[in-house]
Structures are given as structure tokens and as C-alpha cells.
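What follows is a set of notes on a single structure, which appears directly below.
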Amino acid sequence: MKRIVFILTLSFLFNSCNIGEAEDRDFVLLPVESVEMATEYSIGNISEIKIRYKRPTDCHIFNKIYYSYDQNTRFVAIEAVKLNQSNCAPDNESIFEIPLYFKPESAGTYIFKFWLGVNEQNVDQYLIHEVDVL
């Protein structure tokens, strides 16, 4: 009897856990709509860059700012979680604004490439801002 209870308990535990299952969501990049930023920054100072974006549906939820760099070039996009639900409503009207904090450590010209999406040839398009750090 103890063996049957143990097997049933073990079976229940394995069937009730969905460890690592993420079929109900995907991570996607959303394009940047517009950016507000200065043309000059100071070494060591933290400055705010305002980034605006839209989401295609109400099932797209902001996750974080995608940010990578190569020397003085910064690549920026919006990372969202897309819930795979059948009741998603279009949301092309709402504009969301989030801050990106920039703290340059060295002088020079920095190039910010804000991702706008891809064109018809599937080539990444960017809104490019060059800024000077003094």
C-alpha cells in the first residue's frame, strides 16, 4: 500500500510541475519610435535618454532595454515578452516612454544606434545619434 501511495504521489508531482516550460510566451524586440537625448555629455555623469516605443498588441509586455556595445557604438532596442494568447487586442496607438541611463567613462564620440526594425530585404534599420563626451 505504501508503494502505491508513493507512486501516486510521485506521479502527481511530475505531472503538476512544468519546469522550464515557456510555450505560452516569447521574447521579441520592439522597434524604437523616437528618442530624446542631448548632443553632449560629461565623463562620469549619469544622464537620462528618453526612449519611446509602441507595442503591436496588449499581449506585448515590456521586459527590459536591449543594450549592447562595441567600443563607442551602442545598440539599443526594446525587449518585450509576447504572451501567446488568442485574445490579444491590437495596440498601435499607445506610446510608452522609458529611460535609458548613460554614464560615459571616457571622452570621445559615441554612436547610438536605436533599432527601428527591419526593411523589406530583412536588413536592420537604425535611428543613429552621434554624441560627444567631454
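Please give every one of the lysines within straight-line cross-link reach of LYS113, meaning a C-alpha to C-alpha distance under 26 Å, and leave out same-chain neighbours fewer than 8 residues apart.
Within the straight-line limit of under 26 Å, LYS113 reaches these lysines: LYS50, LYS54, LYS64, LYS82, LYS103.
Which of the GluC sites (Glu not before Pro) across segment 66-133 are loop residues per DSSP, with 15 or fewer other Cβ within 10 Å?
Here the GluC sites (Glu not before Pro) that fit, given the DSSP loop and packing criteria, are GLU93, GLU105, GLU120.
Could you list the GluC sites (Glu not before Pro) in segment 19-75 that lie in coil according to DSSP, counting only those with at most 14 other Cβ atoms within 10 Å of their Cβ?
Sparse-neighbourhood loop GluC sites (Glu not before Pro): GLU21, GLU23.
Every number here is computed from the coordinates shown, using simple stated rules; none is lab data. All values reported here derive from a predicted model rather than from experimental measurement. Reconstructed Cβ throughout: ideal geometry from the backbone, glycine too, with neighbour counts over all protein chains shown.
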